[in-house]
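To start, the structure under review is shown below, and the notes come after it.
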Amino acid sequence: MTDYKQKIAAAVSANVDMCSADVYECIEYPKNPEMGDYSFPCFRLSKTLRKAPALIAKDLCEKLGKVEGFSKIEAAGGFLNFYLDDALVAGEVIKEVLFKKSEYARSNIGGGGTVVLEYSSVNIAKPFHIGHLRSTMIGESLKRIHRFFGYNTFSINYLGDYGTQFGKLIVAINRWGDKAAIEQNPVPELLKLYVRFHEEAEKDDSLNDEARQTFVRLENKDQEVEAQWKFCVDASMIEFSRIYKKLGIDFDSYNGERFFSDYMQPVVDELRTMNLLETSEGAEIVNLDDVGLIPAIVQKRDGSSIYFTRDLASAHYRKKNYNFVKSIYVVGSTQALHFKQLFAVLAKMGRQWADECKHVQFGQISIVGGKLTTRGGNVIFLEDVLEAAREEISRIIEEKNPKLPNRETVEKQVGYGAVIFQELYTSREKDYVFEMEKVTNFQGETGPYVQYTHARCCSLLRKAEAQGLSPSGDFRAELLLDDASVAIVKLLRKFGDAVELALKSYEPHHVARYAVDLAKAFNRFYYENPIITDDRELSGARIALVGAVRTVLAEAMNLVCIDAPSEM
Ligand code: ARG
């Protein structure tokens, strides 16, 4: 697609003492559309030219005369404003979308480099709650966004499958567990056993000893205990897999903390040879005073390994095995210090790739009625939220369109999609409150609203098809000069920019917002213009626009991990 900024840069630099690259960097996008599509500020030139910026703008405007691609160039104060030739742009953009389809706006920024993305990282035998959903969806969306730009990706679910709590859990299963019941309803049953363990241990302290010994046996790879541990993992994974399926997600690796506990020793040895380890109150630490961080504990007093060290091992494993250009950790902001320490220790070890590691953090979510937690009775299971959303959508469809074909599938796509979209619509570092009524509303800035708009495009395309009209590059763009059409074309042109912004800031919400903006622009167009009319040329142009909107909307939805039903 034409880079209009480039055209401006070339034209301006030919007339002033500034190279084209410098002009290019200076060009701005006016906030107010009345001021044009691009603007060149003349302030910088006023020193060398010894003239007022307003005068420079005026002179430059006269010198430029006409520039290809622009219908108007105007001097306003110290700015030179450029107005795109809307018909030309509409023709170009719509044709490009119709021709490239889902390849539209993609580019090869990544050049095939591998990006490792760790996300979801749920904990075995603990609920998959809405906080984990945030990690899951941000991570999956970032994966798709990286692929859009030609990166190769490797996704990891770093399961929380290790720690002393497994000693307790195994003791509880042995004493009071019913394996069939656990397999039926894994996490709630395991959770119950875990709670029971704590209650019983209050009365009988020997249980704690037994749990400690059991964990030591697990560390020593005692076959019997290992099998019991595996039972917990497998049972939990039955439940988690069901959820990932609903969310349309899978991972390239499920290697969790336990797996990496076998890779710790060489790293700890190396820290020791490098003289980076200090003993403090019996524990082994890496001092991080020089970078203003509290020390990282690598080994506890009792010699047992910890979370930090497993991460140190897994970071090395990722570099060695996947040779990443970037390694992303999508984990809540409560662990910000942990990741700062981790990257700082890697840097101390001389790992240049420490700079390629990035903690993509996110804020907390509360569901109306308090924080989400895995302890205490106040747990909100994600699956319940997903199902509640599906039921609400089912109720709305029953009201609006009870005869909808494939109704069950659509209810899932829209219900689950509503929850997913909500996660990605809020900028990630903000805390936010999850409110079901808002999330499932067909009218708000929601997943269902975007999906409904997509279905509306599909429905128009079906009607057009029935009259022998389909979106084609052979249309008269000068028929698309009403404000609503022009606004849509401008958005279509900026799709790649929105996705690139999401890539650079690790913020899928730029794509989610883009989808809502495009949906809004389309609905305005829909209400202002009859689309299929007696005038075949006009209908042809409008249908081409509808086809382009449908394609880009579907692609944006795919990037934020929601389905695009063709009927709703
Ligand atoms: N399982 C942890 C939790 O749920 C998150 C793991 C984060 N990833 C990591 N590499 N430390 O809190």
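Every number here is computed from the coordinates shown, using simple stated rules; none is lab data. Note that the structure is predicted; figures quoted are calculated from it, not measured. Don't worry about glycine lacking a Cβ; one is built from the backbone with ideal geometry, like all the others, and counts go over all protein chains shown.
Some observations on this one:
- Net length available on complete extension from Lys203 to Asp269 is 19.6 nm, with 0.36 nm assigned per residue and the Cα-Cα distance removed.
- Dipole magnitude (debye, nearest 20) for the chain, charges at Cβ of Lys, Arg, Asp, Glu: 980
- Sparsely packed loop sites in segment 236-302 (the GluC sites (Glu not before Pro) outside DSSP H, G, I, E and B with at most 10 other Cβ atoms within 10 Å) comprise Glu281.
- Protection proxy ranking for 81-91, 187-197, using the average of other Cβ atoms within 10 Å per residue and placing the highest first: 81-91, 187-197.
- Karplus-derived HN-Hα couplings along segment 130-136 (A = 6.51, B = -1.76, C = 1.60, θ = phi - 60°), whole Hz, x at Gly and Pro: 5, x, 5, 4, 4, 4, 4
- Inverse of mean 1/r across different Cα pairs in segment 1-105, Kirkwood, Å: 14.4
- Under-5 Å amide H pairs with Thr114, H placed in peptide plane, nonlocal only: Asn152, Val325
- The chain, Rg to Rh (Cα coordinates; Rh as Kirkwood inverse mean 1/r): 1.06
- Built amide H within the under 5 Å cut-off of Gly256, gap 5+: Leu159
- In this structure, the pairs whose alpha-carbon distance is over 27 Å, taken from Lys203/Lys230; Lys192/Lys438; Lys72/Lys95; Lys7/Lys326; Lys7/Lys47; Lys400/Lys463, are Lys203/Lys230; Lys192/Lys438; Lys7/Lys326.
- Once the Cα gyration tensor of segment 428-558 is diagonalised, semi-axes √(5λ) in Å: 29, 17, 12
- Taking amide H as placed 1.01 Å from N in the peptide plane, the amide H of Phe70 sits under 5 Å from that of Asp85, each at least 5 places away or on another chain.
- Inter-label distance, Ala466 to Lys358: 4.8 nm, where each label sits 7 Å from its Cα along the C-beta direction.
- Inverting the pair-averaged 1/r between distinct Cα atoms of segment 380-451 gives 12.4 Å as its Kirkwood hydrodynamic radius.
- Among beta bridges from DSSP that stay inside the chain, the antiparallel ones total about 55%.
- Converting phi to 3J(HN,Hα) with the Karplus coefficients 6.51, -1.76 and 1.60 and the offset θ = phi - 60°, segment 277-288 yields 8, 10, 9, 9, 6, x, 9, 9, 10, 10, 6, 10 Hz in sequence order, with x at every glycine or proline.
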